[in-house]
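Working notes, beginning with the structure itself.
The values are calculated or read from the model by the stated rules, or taken from the named source; none is laboratory data. Since we're looking at a predicted model, the values are computed, not measured. Note: ideal-geometry Cβ built from the backbone for every residue, glycine included; neighbour counts use all protein chains shown. Keep in mind that these areas ignore ligands, DNA and RNA; they rest on the heavy atoms of the full protein, side chains included. Shrake-Rupley method; radii C 1.70, N 1.55, O 1.52, S 1.80 Å.
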Amino acid sequence: MASGPTVLMRLVASAYSIAQKAGTIVRRVIAEGDLGIVEKTSPTDLQTKADRMAQMSICSSLARKFPKLTIIGEEVRVGRDMDLPSEDVDQELIEDGQWEEILRKPCPAQYSAIKEEDLVVWVDPLDGTKEYTEGLLDNVTVLIGIAYEGKAIAGVINQPYYNYQTSDKQKLREHRKEAKAGPGAALGRTIWGILGLGAFGFQLKEVPAGKHIITTTRSHSNKLVTDCVTAMNPDDVLRVGGAGNKIIQLIEGKASAYVFASPGCKKWDTCAPEVILHAVGGKLTDVHGNALQYDKEVKHMNSAGVLASLRNHDYYASRVPESVKNALVP
């Protein structure tokens, strides 16, 4: 008798549906018009009602279905020894479904025997919050990353506003209505990937050979970031929000490298995007070229910054100034 899907494949299939649910919540909050914005540590470090509701939905849905997981979100950590108050969660926020297409895929052999308790899930319920509050909705993603033995191995990225088009951007910024998809286009999409299996839900493209287009932070820049970007000798620089959005720019041929020479990025920002990039042959490290670690005890801050590229990673790593490396300690 054939055995059923492995723990990893069931988790990714569930994360796919849960991320879609979170994307729906993100759209609903902005359509209702009350974002419930609060400052966390600074005017550029914001949290909204959508962040809070989407995280509660993701973490509660995962914890109910996979109670032995360790789940680390931007606002809460849950796991075997940290109970989430699931009885207080509105049932409308719970997603019990799973994406059947993923369950039909073969689990990579190296992950077939993984146990639920060995996995760590990193959740960013709304990556690009500041841009969300300003109506720059194509910057926004929902990120669910899955790690095993400290390595990011599977990830899901939902883009709630993929395909949105509107001629009334002022109203968008004022959050008076929900953005609509263009004619014949579905609003939103979900990308997913597993190392050893591949990445799905998008068409891979590359920047033309010899072009160096850098994507970097829109709202968290400083001298280190500027110095590092300049050292890349870029043909163009794209300043946008969200780590997930920047990785999508790499895999869709809009940028050749993602450069963020600052300690502001967290593990929940990079875990899922790193998987998608690595699954198609790209690379994501800190500015020293070190791999990021995702075990449950690791510090949440990516203190030595982020450097990512689809191709030619050694070129970009070689151009990081020593002054930047000395300022950013792993």
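Miscellaneous remarks
- Counted residues, the stretch 287-301 - those being open to solvent by less than 10 Å² (accessible area, probe 1.4 Å) and out of contact with any Leu (no Cβ under 6 Å at 6 or more places or on another chain): 1
- Meets criteria (at pLDDT 95 or above and either under 15 Å from the mean Cα position of the chain (by Cα) or among the basic types (Lys, Arg) (or both)) for LYS169: no
- ASP269 meets all of the listed conditions (1) in contact (Cβ under 8 Å) with a residue 24 or more places away in the chain; (2) under 25 Å from LEU136 (Cα atoms); (3) surrounded by fewer than 24 Cβ atoms within 10 Å (Cβ to Cβ) but one, namely (3).
- The requirement of being assigned to a loop (DSSP other than H, G, I, E, B) and either at pLDDT 95 or above or within 18 Å of CYS271 (Cα to Cα) (or both) is fulfilled nowhere in the stretch 13-27; no residue meets it.
- The set of residues in the stretch 185-214 that are farther than 30 Å from CYS107 by Cα and either acidic (Asp, Glu) or not in a strand (DSSP E or B) (or both) comprises ALA185, VAL207, PRO208, ALA209, GLY210, LYS211, HIS212.
- Top-ranked residue of the stretch 207-218 - restricted to ones that are more than 17 Å from the chain's Cα centre (by Cα) and surrounded by 14 or more Cβ atoms within 10 Å (Cβ to Cβ), ranked as farthest from GLY264 (Cα to Cα): VAL207
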